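A short write-up of the structure that comes next.
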Amino acid sequence: MSYIIITLLTGVLFYYVFRSYSTYEAYTAETMKKYAATPEAIENSDLGLFVALVAKVAKADGKVDNLEAELVGLMFDDVSSVFPEPQKTREILKDIFAREKDRSDNVKEIAQRLGDATHKNTTQQEKFMGFLIQLAFADGQVSKEEEELLQIIAETMRVNPGVYHQIFDHFEEMIKNIQPQHTVKNAYNILGVSENDDMQTIKKAYRKLIRKYHPDIIASQTHSEKHMEDATKKTQEINQAYELIKKTRGE
């Protein structure tokens, strides 16, 4: 009888543990409402560690290009929005990015810490890794330096090699299949602007569209992979149109 009772109690315990993990939402305003947004706390959180790696990937090829800068800025907005003090948190994230983008000596240390923090949540790890790969592909191609850095991060975080290559190859194939804008007229149509508009108006339209369609690291918790793929494709299309207009105008 005691064996049966112990078995039943164990079953009940596992049920509630499983249910709590299966319904847990890592980053929401509700779950983060009591989080103290101090520089030290955020820097040592998994999101702070992730931002540090984002900085290194963004600067891996020697510069942070326009689209990368836009996506990183929007990521700051997304991440800080779930904290009790969004503006304060955003400034802390910006400081982490500015400090870490020019450092290459601590990549493995940070990746190790992020891997340790997320090793029980492979889905979260893959979301982080996917965003880093997306960022590397932001300008339409991945440099040798970016690819080497991504591999180091993935290996140090202990991301499944098969999963890593599947994500990387998927984005590589997707980028190849995005059709370039052959005419300036199409580019203006995509941005919803006129050839008579000045660059300030066009840039404003571009940034508004990027904000609307950018891959959201927080929303990706609940959005499907297809949704995130569509967001990435749309972002690339908008950026190509903007770059073609700038080139045509000699900007």
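The values are calculated or read from the model by the stated rules, or taken from the named source; none is laboratory data. Here the structure is a predicted model, which is why all the values come from computation and not from measurement. Note that each Cβ is placed from the backbone with ideal geometry, even for glycine, and that neighbours are counted across all protein chains shown. Surface areas here come from the heavy atoms of the whole protein model, side chains and all, with no ligands, DNA or RNA. Shrake-Rupley method; radii C 1.70, N 1.55, O 1.52, S 1.80 Å.
For segment 58-117, the solvent-accessible area works out to 46 Å² per residue, with a probe of 1.4 Å and every protein chain left in place.
Too long at a 28 Å Cα-Cα cut-off: which of 127/234; 127/246; 59/127? Correct reply: 127/246. Among the trypsin sites (Lys or Arg not before Pro) in segment 156-206, those located in a DSSP loop and surrounded by at most 16 other Cβ atoms within 10 Å of their own Cβ are 158. Here segment 61-198 has 46 percent of its accessible surface on carbon and sulfur atoms, given a 1.4 Å probe and all protein chains in place. What the phi angles of segment 230-243 give under the Karplus curve with 6.51, -1.76 and 1.60, with θ = phi - 60°, is a coupling list of 4, 4, 5, 4, 5, 4, 5, 4, 5, 5, 4, 4, 5, 5 Hz, glycine and proline written as x. Using a simple spin-label model with pseudo-atoms 7 Å out from Cα toward Cβ, residue 196 and residue 40 lie 6.1 nm apart.
A DSSP coil position with no more than 13 other Cβ atoms inside 10 Å describes the following GluC sites (Glu not before Pro) in segment 171-207: 195. You can think of it this way: the chain between residue 169 and residue 102 has 21.4 nm of extra reach, that is 0.36 nm per residue less the Cα-Cα gap.
The ratio of the alpha-carbon radius of gyration of segment 52-163 to the globular-protein estimate 2.2 N^0.38 Å is 1.03.
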